[in-house]
């Protein structure tokens, strides 16, 4: 297929089905090409800027943010910890990793490098794993609890990693309800942070 044909095919798929992210198998079926021929085409299209290679085996025609790409990498995962605190404007330091909690262990590495960033998947206990009701980003209170949990697990004091701000925006009632699911050390550390 020529470049223009690929562009029309991807645009048609986006308009008709709303699909923007494709696996290699899906692209092979859409283009009626063998996988070997398709790999050559994909490399050419990525180099030409027609396709984006999000991560191993995932391609699409538009650039996606970290939050938009996450459900395609792991449908059970949500962003939390330092990444979510930064997105909620509760810390000043931008994270180098998108920390994600997931309840499903899979063949992928714990660290996944993608076009939109590097994802670190953590598999906490079922008591701590709580996907948000909407979206793929933990609410601020949960993000703080998860961040402190991860820091203590690494034997690091949370205050030494980031500068927390705007903590008055957090709901103490919501935070108190959440902390029942975490170890007591997390509750004590958050009590010192929030005051």
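The table that follows gives values for the structure above.
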| item | result |
| --- | --- |
| Extension gain from residue 118 to residue 97, taking 0.36 nm per residue of separation minus the Cα-Cα distance | 7.0 nm |
| Rounded tilt (10° steps) of 140-153 against the dominant C-alpha axis of the chain | 80 |
| Label-point gap, in nm, between residue 48 and residue 156 - each point 7 angstrom along Cα→Cβ | 4.4 |
| Cα-based shape type of region 42-108, given that a ≥ b ≥ c are square roots of the gyration tensor eigenvalues and the cut on a/c is 1.5 | oblate |
| Cα-based helix-to-principal-axis angle, 35-48 vs the chain, degrees rounded to 10 | 70 |
| Binned Cα-Cα distances of region 57-96, short to long, each 5 Å bin given as a whole percent | 6, 21, 24, 21, 16, 10, 3 |
| Relative contact order (%) - criterion: Cα under 8 Å, at least six apart; region: region 3-60 | 37 |
| Förster radius 30 Å - calculated FRET efficiency between residue 68 and residue 33, Cβ distance, rounded to 0.05 | 0.65 |
| Relative contact order of the chain, pairs being alpha-carbon contacts under 8 Å that are 6 or more residues apart, as % | 17 |
| Descending semi-axes in Å of the chain, equivalent ellipsoid built from Cα gyration tensor | 40, 15, 14 |
| Candidates 20, 138, 116: whichever shows maximal mean-square fluctuation once the chain is modelled as a Gaussian network with Cα springs under 10 Å | 20 |
| Rounded tilt (10° steps) of 3-17 against the dominant C-alpha axis of the chain | 50 |
| Highest-fluctuation residue, 75, 49, 117 considered, GNM on the chain with Cα pairs under 10 Å | 49 |
| Shape category assigned to region 105-150 from the gyration tensor of Cα positions, a/c cut at 1.5 | prolate |
| Protection proxy ranking of 77-83, 54-60 - average other beta-carbon atoms within 10 Å, highest first | 77-83, 54-60 |
| Using a Förster distance of 35 Å, the FRET efficiency for residue 165-residue 111 (Cβ separation, nearest 0.05) | 0.80 |
| Calculated log₁₀ intensity ratio I(q)/I(0) where the Debye formula runs over C-alpha points of region 10-87, q = 0.17, 0.18 Å⁻¹ | -0.72, -0.78 |
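Each reported figure results from applying straightforward, stated rules to the coordinates on display, with no laboratory input. Values in this document were obtained by computation on a predicted structure and should not be read as measured data. A quick note on method: Cβ atoms are made from the backbone with ideal geometry, for glycine too, and the neighbour counts reach across all protein chains shown.
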